Amino acid sequence: MALALIVILPFAGALLPALFARLGRGASALAAFGVSALALGLLLSLAPQVFGGEVVHAGRPWLPRLGLNAHLFLDGLGFLFALLILVIGLLVIVYARFHLPARDPGGRFHALLLLFQGAMLGIVLSDNVLLLLVFWELTSLASFLLIGYWRHLPESRQGARMALTVTAGGGLALIAGMLILGDIAGSYDLTVILQRGDAIRASPQYLPALLLILGGCFTKSAQFPFHFWLPHAMAAPTPVSAYLHSATMVKAGVFLLARLWPVLSGTDAWFYLVATTGLVTMLVGAVVALFRDELKALLAYSTVSHLGLVTMLFGFGTPLAAVAGVFHILNHAIFKAALFMNAGIVDHEVGSRDLRHLGGLAALMPLTATIGAVAAASMAGVPLLNGFLSKEMMLDAAAQAQWAGQGWVVPLVATLAAMFSVAYSLRYAAQAFFVRRHEAYRKKVRDPALGLWLPPMLLVALVVLIGVFPGTFAGPLVTTAAKAVVGAPVRSYDLALWHGVTPALALSVFAFAGGGILLWRYADARRLWLAAPQPQAKPAFDAAVAAVTEFCRAVTDGLHDGSLRHYLGWIIAGALVVGVGGFLGGGHEAGTRATLAAPPVAIVAWLLLVACCAGVLAFERRRMLALVMLGVVGLIVAFGFLYLSAPDLALTQIAVEVVTVILMLLALTVLPHETPRGTRRLRRLGDAALAAVAGLGAGAAAFALMTRDFDSLSSYYLERSLPDGGGANVVNVILVDFRGFDTFGEIIVLGIAALAVFALVDGARGLTRTGVAPGMLAADLHPLLLAVVARVMLPLALVVAAYVFFRGHNAPGGGFVAGLIVAIALIMQHVAGGTGWAVRRMHVDAPVLIGAGVLLAATTGLAAWVFARPFLTSTYGHFALPLVGAVEVASATAFDAGVFLAVVGAVMLMLASLARVGRGRAKRAAAPAVPPTAARRAED
Amino acid sequence: MTHLAILPILLPAIVAALLALAGRRDLVLARTISLASAAVLLLVAIALVVGASDGMIRTYALGDWPAPFGIVLVVDRLAALMLTLTAGLALAVLLHCANGWDARGRHFHALFQFQLMGLNGAFLTGDFFNLFVFFEILLIASYGLMVHGGGAERVRAGLQYVVVNLVGSTLFLFAVGLLYGVTGTLNMADLALKVPAVPPADHGVLRSGALLLLFVFALKAALVPLHLWLPGTYANAPAPVAALFAVLTKVGAYAIVRLSTLAFGDAAGELAWLVTPWLMPAAMLTLTLGMFGVLAARRLAGMISFAVVGSVGTLLIAVALFTPQAIAAALYYLVQSTLAAGALFLVVDLVGERRPALGDLLAPGPRIAQAALLGSLFLVAAIAMTGLPPLAGFVGKLLILDATRDAFNRSWIWSLLLTTSLLAIVGFARAGSVLFWKGGESAQNAAVQPARAAVLPLIAIGLLLAANIAWTLGAGQVLGYLDAAAIQLFAPAGYIDAVLGAEGGNE
Amino acid sequence: MELLVASAIGVLTASGVYLVLRGRSFPVVLGLALLSYAVNLFLFASGRLAVDLPPVIRAAGSYTDPLPQALVLTAIVISFGMTAVTVAMAVRSFLESGDDGVGAAGAADEEDAGRR
């Protein structure tokens, strides 16, 4: 339980600083401190068990099916890291309290810091690699937010994005690697995986897994060639650099190397990949560090170098080296955190971090100078300081390493690196604190407040204590941690101060001598360095990102060019490919169904139809004409329906045809009547070809269907229509009863269409166009004769509609057609009398009709609920009606009435709306033209 | 008998009709009714989930006509899940719009309710012509919503959207004709029975019919190359409407899953899984182009639209495997990506109105009001969308990676999923830092104050993100349900018996 | 007869597709109308053809398949609603932008739909 709390606390506690920020940064810092302290207390409460060699487990399943479980465990390694994270965390919180600018309440800062702390603890305590991944990426996010903390500085934003891209990218590789690892081990739980070392190393998937996992580790721990993000992360506030980018987050990579050491290490692949990378990184980092003048940059590169050192040690794959690695992780965290805080103090007090402008600070700020000097000395590996011990062990391990059978490669490079690290460490201390500075500092420079110097001072104390009494102060910690890594118990002898005269000692003497010389001839060395080519990481990275972005832009813009023609081309062509492809994929035989003979009248109709289609195409530019031809096509289709025993279809088709044509006529009162020329011939040919293929496809499919026999559901409808549906017109019964639900949806579509049309046109009020060829305007639309005819026709139409409606259930007709007839009749009033006239006389509100219609249909359907029957269950009875005769009035008839109302309302609303635009334009065509923008403003 | 199953269709229909009648004058009234209806829908949907979780498939025979002759609604685990997702998203979007946004055009709430009716119907119906009708309902409502508020570019985009979908509807009817012409039925369960019996002589026609139908579904789901309409539409639609549209693509995905598992599953013999060879490559391409678009985007809305395309690709990759495990993973991802996309579009709306000069253009401008708050909301939603830990997006991706473990093209899928994630991360990080970090504290005073107090929108976004987090924490339980749903899909016999077995099939 | 109907469907489809691919709203609307004729005929044909057998129950006799007719009826109505919306949108779009092209600004339809 305590274990789980250690991880949960920082997350839960992250809210507190944000809340306390109102009370000033002291409060928010205090809150953060409290949370971390509590977590630390819990950790220490578990110390006895851990040192007793026990592994503490906690957690509960999260996603068992996936093997993603919230399982935690605490062993020596986890304990060491958790301790580092919490202790240094506490010191950083105190330090930050005094380091952040006074106007910053620090709420966001401390909240993010705690979030990071929680994520980091999660990494080192996870007993499930998938859970570890979660925390892993969380640290990347936290570091992204913390590097970008000063959001107004471009270097913060860019550094943050670079860090995120590299580390999160590596994290993605790690995901794949972990999945493979779990795949081999048969579980994602570390405790299990750690047992399967041999199986994993033997598996053919070992190498891909290794590569992917190392991808994650190396990016996180800034190993060459992924090291470039770390220096740019220095844009973060110094406390962040001290915490994330030296002591903890960048250690996550090497932590994982240590964690998986028992499973992955010991192979050649491991040795050459890990040890070599570490070796190179160690040298490169050290060399670059020597020639950096900016304190934090220097420290950043030195961090890179030391991470390389640790990586190399784990890469050797020998227990001794691993122990050294663990030990150095501890030592480096301590002195490097101290150094960053030290650099932060200098920056804070002096206002500069540039070695070239610093010097002689020892006299002005003795405490700070002491901190800097001791920590730097430890970094250089001066005896009696903790850095010395682990460096000795490193050189010792290096001396024994064989690289490609050569015994001299590793020791040489390692010593070179050590030499450079001696040089830059001494340069840091000497240049900043001891070399005399010629002109005086602008402001009064003195040691900072207690809050700023105490935390690093404590760390420096540790540096010395561990350096002198390693067995006492680091022994148990390191041995238990090392035991967790290596598996076997480690003799504490390894952590002694004096190993006698060993090759390692010799190498380290060389290193010091060389370092001294380097510093003595620094000017020459620098000249040499400046002469050498300097690959710049950031421009290269930016260029890469830019290139990828440009590529994506090119692809995206190329595809999404906003051309409807292209979109439709893809769709139609795709449909053909899929349809034809599908057809060829299956067997096919020509149908055997007897075909009907084609009477001459049909052939004539067919010819007419083809002619009209051709006409529509030919006169496409002259829109009126094209529209007329379209109407003719519609009529022929209707005729076809009638001839092929579908009277209902014929009726509906004709009615709809009329309305559609009126609709388009109204549209043409606004739209231009001519389509200007301009399409390329080639493009037209292409379209024609596509169209031809589509036509062939559709025709062939239709023919294939019509020429084969099949049995369908229809027999049922034919039998049940009269007895159960109470109607002889099966089509109508299907519409209002068997499949009344379709019709219910259909009238709703119509209703929505009307509302949409209304909304569209309503929104267009005030919009107008100048210079449109004034065509058929509503004004020209009502010659007297037409007006008279229309008004006479109205009542007639109503009677016809009623007739069509009531006979619909038994003979062709029905609510829909009736509705259309009425609507047309009413619209004729518009067309003839002009909207004004019609509106004056029409006291019905179209939307009300629609709503009423839908509601009537719905309630009819709902009535069935009373009889515990499903929606739309129908019933019917008979009674006689004058003129029409005996009628079954089915409840379906009421439903049909709903359809009728909705149709009338919808069609009227549509046509009326469009007619209004036309008239609006007509008026304005007379009035002086209004510029569209002005018009739109008028609209709002 | 219970009428619960039809409420998700009937309620919004009636409410919408009432709104068309009464709600036109009084916006507050309309708003209240609309919100209430959405809330009730959510409750009904949850009730259906609870009901479905016992594994029983409930049917509702309209007009009491026995299937396959009448139209039947079917509620299984999957359908119930989709209903809940839709209702939840709708509620959040309505909350957002209730902030005065809905006053910018006519009949917003009526259209919105009709949209819900169409969506729910599409999820419930067991008849593929009826499915066509509901597609038309949700489409035509979406046309109305799409151009809500107007503006030249928006209407132009709307016109494109309409035309593309009309062509789609035409194809739908061609497909229906082919399927009916060969099998003589319109009922999906009945189709599942008829398909195996179809003589080889008709397989060619049947295949092209089935594939055309799936093609239309792919068009709705915005599968490459049928995705071209989506970015323009979503990016130009009013942001809150785009948030609702986040579920539209999922209808297509749903229909693909439904039809394939039901009628063209293992039982279909030669015709089994006939969509797979087309679906897998297209889905991988969709993911790629989607994430390319994210990186290429110049406007926030555009970026999120492409992220939606990418998420469709991701989930269809999983679907294309047609294993219960993969389908469950796909469903998990589907829900979370919809929630994330919805939240993101709502954020776009808030950002847009705080940058009167620039809107959602990805260019530095004056510091916006509530930058920190909006920034963190954006961050959380972006984490979910890009599939970073700890949110459901990550869990979903893990599930999909895990489900593709044994796929023949595993290494391709894995590297694709992971590299595209990186593209998305870079894109979103850039967008976030440009919008919420640039134009630093210095300009704080000059921050543009929004026209409206953003309380309701913030609540709406909060709800969506909270849902996403719950989806993450409860992943274990959720996946239990989803696995069961997937298994139910892969045992179509249960569905078929429920529909055709007992007379009417009503309990 | 079947051949006539099938070829008619083909011609209608072809003309429709061609018009839909034109860059301006009005031809596109015409094209959609033609396509809807085509698909209605197709759906109707999926019930096979018959002469003088309307599905209205009489004393005796056989009938053609009524179901596709019902479907086509629904389809006709729906496509009518769609046409109306398309037309309205075309009009609105024209009023908004002063041009009846259907391509987004700067799209390749440009030259098809030259701006005023």
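Would you mind checking A:Lys336/A:Lys444; B:Lys250/B:Lys397; A:Lys296/A:Lys538; A:Lys336/A:Lys483 for any pair whose Cα atoms are more than 23 angstrom apart? Table pairs above 23 Å Cα-Cα are A:Lys336/A:Lys444; A:Lys336/A:Lys483. Ordering A:Val804, A:Leu86, B:Gly177 by the projection of their Cα atoms onto the charge dipole of the protein assembly as shown, which places +1 on the Cβ of Lys and Arg and -1 on the Cβ of Asp and Glu, puts A:Leu86 at the extreme positive end.
A:Met419: net charge of surrounding residues, Cβ under 14 Å, Lys/Arg +1, Asp/Glu -1, itself excluded? Within the 14 Å Cβ shell, the charges total +3. Taking the Cα atoms only, what angle lies between the long axis of helix A:846-866 and the longest principal axis of chain A, rounded to 10 degrees? In chain A, helix A:846-866 runs at an angle near 80 degrees to the longest axis. Along the axis of the charge dipole computed for chain B (Cβ charges of +1 for Lys and Arg, -1 for Asp and Glu, origin at the Cα centre), the listed residues B:Ala16, B:Ala189, B:Ala466 are led at the positive end by B:Ala466. Counting Cβ atoms of other protein chains within 10 Å of each Cβ in B:283-295 and taking the mean gives 3. Between B:Leu473 and B:Arg405, the simple spin-label model (points 7 angstrom out along Cα→Cβ) gives 2.8 nm.
With a cut-off of 8 Å between alpha carbons and a minimum separation of six or more residues, what is the relative contact order of chain A in percent? 8 percent.
Of the residues A:Phe895, B:Leu391, A:Pro383, the one whose Cα sits farthest toward the positive end of the charge dipole of the protein assembly as shown, with +1 on the Cβ of Lys and Arg and -1 on the Cβ of Asp and Glu, is A:Pro383.
Length gained on full extension, A:Val601 to A:Lys538, computed as 0.36 nm times the residue gap minus the Cα-Cα distance: 14.7 nm. Over all other residues within a Cβ to Cβ distance under 12 Å of A:Pro366, the charged ones net out to 0, with Lys and Arg as +1 and Asp and Glu as -1. At what distance in angstrom do the alpha carbon centres of the stretch A:522-595 and the stretch A:626-649 lie from each other? The two parts, judged by their Cα centres, are 47 Å apart.
Here the stretch A:505-651 is treated with +1 on each Lys and Arg Cβ and -1 on each Asp and Glu Cβ, and its dipole about the Cα centre works out to around 480 debye.
Most tightly packed first, judged by the mean number of other beta-carbon atoms within 10 Å of their residues, the peptides A:903-912, B:31-40 read A:903-912, B:31-40. Per-peptide packing, taken as the mean over residues of other Cβ atoms within 10 Å, places B:366-374, C:58-66 in the sequence B:366-374, C:58-66 from highest down.
The length gained on full extension between A:His152 and A:Val192, counted as 0.36 nm times the residue separation minus their Cα-Cα distance, comes to 9.7 nm. Each of A:Leu465 and A:Ala554 was given a label point 7 Å from its Cα along the Cα-to-Cβ line. The distance between the two points is 6.2 nm. Electrostatic bookkeeping for B:Val147 treats Lys and Arg as +1 and Asp and Glu as -1; over the other residues with beta carbon under 9 Å from its beta carbon, the sum is +2.
Take the Cβ atoms of A:Leu38 and A:Ala363, set R0 to 41 Å, and the FRET efficiency comes out at 0.45.
Take each peptide in A:811-824, B:482-495, B:186-199, count the other Cβ atoms within 10 Å of every residue, and average; sorted highest first, the result is A:811-824, B:186-199, B:482-495. Shown for A:Val410, B:Val335: other C-beta atoms within 10 Å of each C-beta, ranked fewest to most, produce the order A:Val410, B:Val335. Evaluated with a Cβ-only charge set (Lys, Arg +1; Asp, Glu -1), chain A carries a dipole of roughly 2920 debye about its Cα centre, given to the nearest 20. When +1 charges are put on Lys and Arg Cβ atoms and -1 charges on Asp and Glu Cβ atoms, the dipole computed for the stretch A:652-742 relative to its Cα centre reaches about 820 debye. For chain B, the longest principal axis of the Cα atoms and the long axis of helix B:248-263 meet at an angle of about 20 degrees. Coupling constants for the stretch A:606-620 follow from the phi torsions by the Karplus curve (6.51 cos²θ - 1.76 cosθ + 1.60, θ = phi - 60°), and in residue order they are 4, 4, 4, 4, 4, 4, 5, 4, 4, x, 4, 5, 5, 9, 3 Hz; glycine and proline get x. Spin-label model, A:Leu862/A:Arg527: points 7 Å from Cα along the beta carbon direction are separated by 9.7 nm.
Restricting to DSSP H runs of at least four residues, report the calculated mean residue ellipticity at 222 nm for the protein assembly as shown, -39500 (n - 2.57) per run over all residues, nearest 500 deg cm²/dmol. My calculation for the protein assembly as shown gives -23500 deg cm²/dmol from helical runs alone.
Say a paramagnetic label sat at a point 7 Å from the Cα of B:Trp412, along Cα to Cβ; which residues of the stretch A:559-599 have their backbone N under 19 Å from it? Under 19 Å, as judged by backbone N against the label point of B:Trp412, lie A:578 of the stretch A:559-599. Between A:Gln49 and A:Lys444, the contour length at 0.36 nm per residue exceeds the Cα-Cα span by 137.0 nm. Once you sort the root eigenvalues of the Cα gyration tensor of the stretch B:375-429 as a ≥ b ≥ c, which label holds: rounded (a/c under 1.5), prolate (a/b larger than b/c) or oblate (the other case)? The shape class here is oblate.
Oblate is the label for the stretch B:210-261, because the ratio a/c of its alpha-carbon gyration tensor axes (a ≥ b ≥ c) is 1.5 or higher and a/b is not greater than b/c.
We did not get these values from a lab; they are worked out from the coordinates using the rules stated. Everything numeric in this text was worked out from a predicted model, so none of it was measured. Positions of Cβ are backbone-derived with ideal geometry, glycine not excepted, and every protein chain shown enters the neighbour counts.
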